[in-house]
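Report on the following structure.
Throughout, read-outs are computed from the coordinates displayed, never taken from laboratory work. As the structure is a prediction and not an experimental result, all values here were calculated from the model. Reconstructed Cβ throughout: ideal geometry from the backbone, glycine too, with neighbour counts over all protein chains shown.
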């Protein structure tokens, strides 16, 4: 009990949303209402009850009966689908919004990072924005003075530090914003999906900085859709679903559970992939479902090196895409999110065309050339000449070591890399 | 089981905060606003810094507005309508009133829109929300100083020297700040819920301009009691106070100022409590 940083007890948050539209039967009714509504609303306003101009009546619980504890120095990940209540929970922890019921006890200063570069003003220079943003995030001027060089160094925009931020590329703005945030030193850090932005190299730098943060004994609560960074950073994970805690435990267990539950729901058809919003394209073409089958045609996420593996990939396509040529890439990434290899119907010279609004493609890898470890699957599609969809980490799978070469030798991924290559020696 | 049983002194010394639903009227937490004074400083500094970016005339705008209003007033009210001006040349009579008035009107406009304009901040980070309207009022002070400098030049031109009462000017300016902030707090909090406020502010400002003795002297009201009641409009106290301190007009502002001060205090305190009460809904609604 003594080393608790955050204790959440019976937390709930209710939002008012637009209720059913009243149907005006006659013009007279609607005119009468137009005259009486301002008085009704003004009454509510003065009583301090108004929650919005629309007179919202229906309510939903964005969060209901959530309880958990975070110890000092723990890095807690929060995962869940869109609308599961992750952001609401973070907003309560960072005091942006009040809970409707329950309470949170926080021991230590909380720094919240729900957005990169909050309060950046385009007319101000990079230097001025560092000070402004730092103050908004709760740093004192002396603290920013002290860390200024380090911040600029981290951001890598030294050359443009006295240029107004409106002339920055979006990437530069983000880097500068993150650089300020990365130098916050509260005891408790609350972070929303901020790593999803920026280029891959900078993301790695940020993850490194966050890992440093957690090693220095700071408590971190971290929301992400990026299962790889959750796995890399967090000890424990909470899975939220529809506003309540569905499961909590060690990161790997919960992520495995989450990804597998995303694959097989009641109808046997995944909705999770279809609902993801962190994707490219205009949604006329969407990957809806992916599953991995082993040589016995059983759905699995555990596979042995050298065994056969089949990806089942389902997609939906709008009618206007019928007859269009389709190219699909399946890319396999390791846990550091580096691509290891890719398979593609263009590589094999096979031409696909969209012929149905819902369809499933199979891709078989006869002998999986991966060493043991965890890998994620990235899906990418091109329809005609346009990138139609692109989603990272559609699923994770674990490869277990096996006697790939049939010689009793088990290569080690930390020394021998990630792939098996068939080879012949002569001497 | 709570932190009194903590073994490590280092942990028990960490600040403890309980986040829970609040009900009804909440305390003002002015101490917390004080703790965030650096943020207040930076937000004000940002407002001042970006105010005239990408304008051709820049800070001249701070002078143009009251000065040309003075010219128009002098033409129509001073020359054509022959409105009395307490024995002072009409241009300087009206400009002395327009300087604090312009500050007030700008502060009112800026503060009532401040929360909606900072929606992005409110949704993404916690800090005492009072900081936002306060900084928007304070950032008008630079414009005030510029317009005031022109006033001093005009006084020199007209050969009028300020009276010793000039030491009360900061107090009078404070009265203008209190009034604009008081109204600004009410309006900004309401504006979050009802964007009608945006359309109301220009109307209120115009109405208030004529309800304040700017184009005319309050000495037009001959009854002493009625004139004191006129002080319920706190800007009456400010404007008459400015003339009394700078130009030495003999409308001794004593009772008017006291009434104005009480009215401004009431506005400010009620505005703060209303603001604090509505504060918890800002992030969800704005």
Burial-style ranking of A:391-399, B:235-243, average other-beta-carbon count within 10 Å with highest first, yields B:235-243, A:391-399
As I understand it, the value is the acute angle between the Cα axis of helix B:196-211 and the longest principal axis of the Cα atoms of chain B; what does it come to in degrees, rounded to 10? 30 degrees
Most exposed to least, judged by fewest other Cβ atoms within 10 Å, A:377, A:383 sort to A:377, A:383
Using only atoms on other chains, find how many Cβ atoms lie within 10 Å of each Cβ of peptide A:97-105 and report the average. 5
Once the Cα atoms of helix A:126-136 and of chain A are each reduced to a long axis, what angle between those two axes, in degrees from 0 to 90 to the nearest 10, is obtained? 70 degrees
The protein assembly as shown, Cα convex hull volume normalised per residue, Å³: 247 Å³
Under the Kirkwood approximation applied to all pairs of distinct alpha-carbon atoms, what is the hydrodynamic radius of the range B:61-285 in Å? 18.1 Å
Percent relative contact order for the range B:93-138, counting Cα pairs under 8 Å at least six residues apart, stands at 47 percent
Return the FRET efficiency for the residue pair residue B:161, residue A:246: r is the Cβ-Cβ distance, R0 is 56 Å, and the value is rounded to the nearest 0.05. 0.10
Taking the alpha carbon gyration tensor of chain A, what are the square roots of 5 times its eigenvalues, largest first, to the nearest whole Å? 41, 31, 24
Taking B:118-131, B:61-74 and ranking on average Cβ neighbours within 10 Å, highest first, one gets B:118-131, B:61-74
Each label sits 7 Å from Cα toward the beta-carbon; between residue B:72 and residue B:195 the label points are separated, in nm, by 2.8 nm
Note: A:136-146 gets an average of partner chain Cβ contacts (10 Å, Cβ to Cβ) equal to 3
So for R0 = 30 Å, FRET eff. of residue A:159-residue A:235 from the Cβ-Cβ r, to 0.05, ends up at 0.15
Take peptide B:121-131, look around each residue's Cβ out to 10 angstrom, count Cβ atoms belonging to other protein chains, and average those counts. 5
Can you tell me what share of the DSSP beta bridges in chain A is antiparallel? A percent to the nearest 5 is fine. 75 percent
Two pseudo-spin positions, 7 Å from Cα along C-beta at residue B:232 and at residue A:212, lie apart in nanometres by 6.3 nm
Have a look at the DSSP beta bridges in the protein assembly as shown and tell me what percent are antiparallel, nearest 5. 80 percent
Cα centroid distance between the range B:215-272 and the range B:75-152, in Å? 17 Å
Over chain A, calculate the relative contact order: mean separation of alpha carbon pairs under 8 Å at least 6 apart, over the residue count, as a percent. 14 percent
Quick check: pseudo-label points 7 Å beyond the Cα along Cα→Cβ at residue B:25 and residue A:298, how many nm apart are they? 6.9 nm
Protection proxy ranking of A:243-251, B:35-43 - average other beta-carbon atoms within 10 Å, highest first: B:35-43, A:243-251
Before rounding to the nearest 500, sum -39500 (n - 2.57) across all DSSP H runs of length at least 4 in chain A and divide by the residue total; then give [θ] at 222 nm in deg cm²/dmol. -8000 deg cm²/dmol
The relative contact order of chain B, taking Cα pairs under 8 Å that sit 6 or more residues apart, comes to a percentage of 26 percent
